[in-house]
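The values are calculated or read from the model by the stated rules, or taken from the named source; none is laboratory data. Here the structure is a predicted model, which means the values were calculated and not measured. Glycine gets a Cβ as well: all are built from the backbone with ideal geometry, and neighbour counts include every protein chain shown. Surface accessibility is based on the protein's heavy atoms, side chains included, excluding ligands, DNA and RNA. Shrake-Rupley method; radii C 1.70, N 1.55, O 1.52, S 1.80 Å.
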Amino acid sequence: QMGAPMKKPVITEDMITNKIADGYDLNFDVNKNYTTKTATVNGKAITYRVYENIVYVAKPVDIAYQTINIYIPEEYFKNKSVGKYNTKTAPIFFPNTVGGYMPGAAGIPGNGRDGQPDASLVALSNGYVVASPGARGRTLEKDGKYTGKAPAVIVDLKAAVRYLRYNDNKMPGRSDRIISNGTSAGGAVSALLGATGNNRDYEPYLKEIGALNARDDIYAVSAYCPITNLENANTAYEWMFNDVKTYKKIEISMLDYNVERKYTEGTLTDDEILRSNDLKKMFPAYLNSLKLKGKNGKLLTLDKNGNGSFKEQIKQYYIDSANVALKKGTDLSEFEFLTIKNGKVVDLDYDKYIVYMGRQKTPGAFDNVDLSTGENNEFGDETTNNKHFTEYMLEHSTVNGTMADKKIIKMMNPINYLSNTKVKYWRIRHGAIDKDTSLAIPAILAIKLENLGKKVDFVSPWATPHSGDYDLDELFRWMDKVVT
Ligand code: DHB
């Protein structure tokens, strides 16, 4: 299940519901500008108030994206409860619609492409308040300037959180129980939101767009296949896929997990193979610098060939994944790289598994020599459309590319902020056949969080590709459990 909201039509000034003569009214009013809707989820009707197209900053750059949609169960206006919650206790589900680091408009609850209720609709039926923020992205332009490059996406999400914090006592739900959710680039920014709550680095950017003066930390993070830790994702990718010299590639314009993907096949060129070898060699130094510890308390490391306990851990995630599938009754007999004994997967041939998964991206997968990736585009600035964000690609640039601002690269990577975050609960998923980024990337995020004493629910679901919101029952069980 892709589960993502449908792309919205373009929002125009006359559709903005909090427009006032001299700007935007940032005080939420439950009694104004709403409609009421009823939907059916699992045979149960849920009626909710709809507050849409609310600009959440005083000085928006793009009103098509800097808006939030808020949905509140009608029962909360009658002092009744929905599921486990009431008007005082309801958590706020905060799903972004970001994909491919493209702009993502505020989401609308509904049925997904599979016809099933999406995460927001399920949230409402479970008694959550839903607040879906829009955010700018890499392709936006206005008056000859790029207006959505990094760090716009995270700045916007923070501004939307501030709107909810600021208006906490004006609406049902608890702004100290905001749970962020997102997939892929949206998963990355969901994690980033959790990592960087109230951090001063973002303050100048928030000021510039007239964000409210309020906290922007959240309560918990749900992240599906986060395309994160971008400046280390090139080396992680080649560490994993170096042996695979053929690929099935998607076009940059179809990176967004929401849209149908078309693949073209190819073989790595000699240059690409050299680059892959270079990048693969660079990964162990980075991984070892993190000083990650495994469940047994021992350091997770890699030798210069890329072998070692960290690789064993990655292999173990795949084995655990296969075991969960086996327990659920999935027939795994077709996978000859698995060793199954007495109804348990006891081994997996790692090299064969990687070949089975296949390579999807060419080196560099995220920062490329020709500035051709979505991430190169994300790290552009007002006047330069694409930039490098790794030294290696800057040095090997075939297009005389320039380097993104170091501070902005830092601000886009949650790893840099984890030691300061107070967010305790993290749920991270990365499908076992997802090759949009190496499993090493979400694993590093999860393990670092575990090492910091956080409660982390991280698994790699079997035979699951690059996608999100595919396990809503489990997601909501987790959310209900962590909200205390
Ligand atoms: C997405 C996918 C990618 O492969 C990528 O590099 C960035 C974003 C996405 O689906 O959002």
Q | First in the stretch 154-183 and without any contact (Cβ under 8 Å) to a residue 24 or more places away in the chain and of a type in the set (Gly, Ala, Ser), second anywhere and open to solvent by 10 Å² or more (accessible area, probe 1.4 Å) and away from the ligand (no atom under 16 Å from the Cβ), Cβ under 7 Å, 6 or more apart | A | none
Q. Limited to the stretch 170-185, what total is found for residues that are within 18 Å of Asp457 (Cα to Cα) and within 16 Å of the ligand (Cβ to nearest atom)?
A. 5
Q: Would you tally the residues in the stretch 113-137 being open to solvent by 10 Å² or more (accessible area, probe 1.4 Å) and within 16 Å of the ligand (Cβ to nearest atom)?
A: 2
Q. Can you find a residue in the stretch 359-380 that is touching a residue at least 12 places away in the same chain (Cβ under 8 Å), more than 25 Å from the chain's Cα centre (by Cα) and over 30 Å from Thr139 (Cα atoms)?
A. no
Q) Just checking, which of Thr67, Thr97 is more than 16 Å from the ligand (Cβ to nearest atom) and either buried (at least 24 other Cβ atoms within 10 Å of the Cβ) or within 18 Å of the chain's Cα centre (by Cα) (or both)? A) Thr67
Q. Got a sec? Which of Ala236, Ala223, Ala214 is more than 11 Å from the ligand (Cβ to nearest atom), surrounded by fewer than 24 Cβ atoms within 10 Å (Cβ to Cβ) and of a type in the set (A, V, I, L, M, F, W, C)?
A. Ala214
Q: Could you list all residues from the stretch 239-251 that are among the aromatic types (Phe, Trp, Tyr), open to solvent by 10 Å² or more (accessible area, probe 1.4 Å) and out of contact with any Asp or Glu (no Cβ under 9 Å at 6 or more places or on another chain)?
A: Trp239
Q.
For the stretch 301-328, which positions are open to solvent by 60 Å² or more (accessible area, probe 1.4 Å) and either part of a strand (DSSP E or B) or farther than 16 Å from Thr464 by Cβ (or both)?
A. Asp303, Lys304, Asn305, Asn307, Glu312, Gln316
Q) Name the strands (runs of 3 or more DSSP E) wholly within the stretch 336-447 that hold at least 1 residues that are of a type outside the set (A, V, I, L, M) and within 16 Å of the ligand (Cβ to nearest atom)? A) 425-429
Q.
Kindly evaluate Ala106 against the criterion of being open to solvent by 10 Å² or more (accessible area, probe 1.4 Å), away from the ligand (no atom under 16 Å from the Cβ) and either in contact with a helix residue (DSSP H, G or I) (Cβ under 8 Å, 6 or more places away or on another chain) or assigned to a loop (DSSP other than H, G, I, E, B) (or both).
A. no
Q) Does Arg165 satisfy being more than 16 Å from Asp62 (Cβ to Cβ), surrounded by fewer than 23 Cβ atoms within 10 Å (Cβ to Cβ) and out of contact with any helix residue (DSSP H, G or I) (no Cβ under 6 Å at 6 or more places or on another chain)? A) no
Q: Could you check the stretch 198-293 for strands (runs of 3 or more DSSP E) lying wholly inside it with 2 or more residues that are under 27 Å from Ala119 (Cα atoms) and in contact (Cβ under 8 Å) with a residue 60 or more places away in the chain?
A: 220-224
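Within the stretch 252-276, how many residues are away from the ligand (no atom under 14 Å from the Cβ) and crowded, with 16+ Cβ neighbours inside 10 Å?
Looking only at that region, the number is 4.
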**Q.** Leu230 open to solvent by less than 10 Å² (accessible area, probe 1.4 Å) and over 19 Å from Gly134 (Cβ atoms)
**A.** yes
Q.
So, Thr464, is that one closer than 21 Å to Leu302 by Cβ and within 16 Å of the ligand (Cβ to nearest atom) or not?
A. no
